[in-house]
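Trainee: Take this structure first; my questions come after.
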Amino acid sequence: MSQPRSIAVIDIGKTNAKVVLIDAVSRQQIAAHSTPNSVRQDGPYPHADVERLWGFITESLAALQAAHGVDGISITTHGATAALMAGDGLAMPVLDYEYAGPEDTAEAYGLVRPDFAESLSPRLPNGLNLGAQIFWQSRTQAEHFATVTAILTYPQYWAWRLTGVLASEVTSLGCHTDLWAPALGQFSSLVTGEGWTGLFPPVRPAASVLGTITPAVAAASGLAVNTPVTCGIHDSNASLLPHLGTHAEPFTILSTGTWAIAMTVGGDTSRLDATRDSLANVDAHGRAVPTARFMAGREFDLLAPGAVVPSDADIDAVISGDIQALPSFTPGVGPYPDAVGRWTVDPATLSPGQRTAAVSLYLALVTRTCLDLCGLGRQIIIEGPLARNALFAAALAELTGVTVTASGDATGTSLGASMLFGGAAGAAGGTAIAALQHPGFSAYAARWRDRLSRDEPHLG
C-alpha cells in the first residue's frame, strides 16, 4: 500500500474535537472541522457523547472527501479514557475522567494499584488514573462489567468504529493509567491481579495500519472502502512523534491545550515526584519519557476571560506592580496539587491586558517548576495554543536560559498523528523566541517562588 498523501486526523481533545486534513508531503494543514467535546450528564455517570462525536466525525470526513479527497485516516485522543465493550457495542458509557465517582473506591483501589516504581504513574484524583476508573466500574457497575468482552483505550475505540478491528497501544496504556509497566514493556500487576489481561486486545504499534474502513463507514462518508486507518496514538505523544530522532537529547516538548504537558526525551526519570503530578509517559517506541504537567489551558480560560494581547505597558504594570497569580486553580493536579490558588491583588481591578499578562507569566512560572521535575532539555519546543502566546514563551525562555521555539503546527498534535503513516521525522517549522527583557522580571520570579515557599514550605 502506498503512503497516503491527504490524511484526515481525528483529534479528540478534552475540550474540543477536530477532524483536520494534512498534506503528508508539504506537512501543511489543508482544512479543519471542529466541535465542542461535550459531556453528557444522563445515565449512570457523566460520560462522553460518543454518538454525537461519531456523527461529527463521519460528517467531517464526508465534507473533506468532497472538497479535497481523503487517502487515509489517523487518530489521536486525550488520555485517561477507555471504552468497555460488550461485543459490538458499549457495555456501559465512556466515563468522563473528571467525574469524582472513582474516589468512592479509592481506599480499596489503593490496595491493589502498582507501586510508582513499577508503573511510573502517580495516584491522581477522580478518574485520571484509568485503572481507577475501570476498578470503580467493575465494583459499582458489576452486572454490566460482567458483560465486558474488550477494553479499548480511546484512540483504539475510534479505530475500531472505523475498521471493526480491536487493538491496544502503548502510548495510551502508558499515560498515568496504572495499567502498564514501562520498564518491562508489559501490562502491570494491576491488570494481572484483577484478571483483566484477557480483556485487552493484542498490542499493536501506533503507526500500524489496523485495516480499512468498513463498508458502512464508506457509505456514510463517501470515502473509498479501501481507505486505511492507523491504530492511533495518545495526543501528547502525537506532539512528540515528529521530534523523535531530530534533536540532540535531552530535549523538551511542551504540548499544550487543556493541559500543558512537558516531556523531556532522553531525560532521567529519577527526579519524578509521584506527589506532584510528574510521571513517565511511554512514547510511540515504547520508551519511558519523564513528564510533568498541569492544566494550563483550563487555568488560562478561568483566570483570563476575554484575553487580549498585552501591551508593553501592561507587562510593565504587572511586573513592576508585583501583580501575581499563585497556584493552583485546578486542585489535585499539577506540581502544586494541594495549594489553593490566589492573587496578590484583586483581579477585578486589572485591565484585560494586565490580567492576560499576569496569567501568562503565571503559566510560565508553573511550567518552569514542571521542568524541575521532568528535567530541562537543551531546548524547548512549544506545541499547541501556548505557542501563540508570545509573553508566555518569552518568559519561559528567560526562566530556563535555553533555546525556546514556538512550533508552526497550529494544533500541536495533527502533524504527529498524520506521521503514523510513515515519512521522515521532522517537525513543522517554528519560531525562535527571544527571552523576556524586563529589568524587574528576575526579582518578580523570585518573589513568586518565595511566596510559594511560605505557603508550601515542604516544596521550598
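Every read-out reported here was derived from the displayed coordinates using simple, explicitly stated rules and does not represent laboratory data. This one's a predicted model, so the numbers in the text were calculated from it and none came from an experiment. Virtual Cβ from ideal backbone geometry, glycine too; neighbours counted across all protein chains shown.
Trainee: Using r as the Cβ-Cβ distance of Ala216 and Thr349, and R0 as 56 Å, what FRET efficiency do you calculate, to the nearest 0.05?
Mentor: 0.45
Trainee: Further question: Can you list, bin by bin at 10 Å, the percent of alpha carbon pairs in region 237-459, starting at 0?
Mentor: Going from the shortest bin to the longest, the percentages are 8, 35, 37, 16, 3, 0.
Trainee: Taking the DSSP beta bridges in the chain as the whole, what percent of them are antiparallel, to the nearest 5?
Mentor: Restricted to the chain, the bridges split so that about 75 percent are antiparallel.
Trainee: Take each complete run of DSSP H in the chain, measure how far its Cα atoms stretch along the helix's own axis, and keep only those covering 20 Å or more with mean Kyte-Doolittle hydropathy at least -0.5; list them.
Mentor: 50-67, 352-374
Trainee: Considering the alpha-carbon set of the chain alone, what are its Rg and its Dmax in angstrom?
Mentor: 21.7, 64
Trainee: If the viscosity is 1.002 mPa s and the temperature 20 °C, what Stokes-Einstein diffusion coefficient in µm²/s follows for region 295-417 when Rh is the Kirkwood radius over Cα pairs?
Mentor: Value of D from the Cα-based Kirkwood radius: 143 µm²/s.
Trainee: Can you give the FRET efficiency for Thr403 and Ser311, using 1/(1 + (r/R0)^6), R0 = 25 Å, r = Cβ-Cβ distance, to the nearest 0.05?
Mentor: Given R0 = 25 Å and the Cβ-Cβ separation, E is 0.45.
Trainee: I need the P(r) histogram for region 178-308: all alpha carbon pairs, bin width 5 Å from 0 out to the longest distance, whole percents.
Mentor: 2, 9, 13, 15, 16, 14, 13, 10, 6, 2, 0
Trainee: Please report, in whole Å, how far the alpha carbons of region 6-231 spread along each principal axis, starting with the longest.
Mentor: Reported extents, whole Å, longest axis first: 54, 39, 29.
Trainee: Quick check: net charge around Ser6, other residues with Cβ under 9 Å of its Cβ, Lys/Arg +1 and Asp/Glu -1?
Mentor: Computed value for this residue: -1.
Trainee: Taking 8 Å as the Cα distance limit and 6 or more residues as the minimum spacing, I'd like the relative contact order of region 237-459 as a percentage.
Mentor: With pairs under 8 Å counted, the relative contact order is 24 percent.
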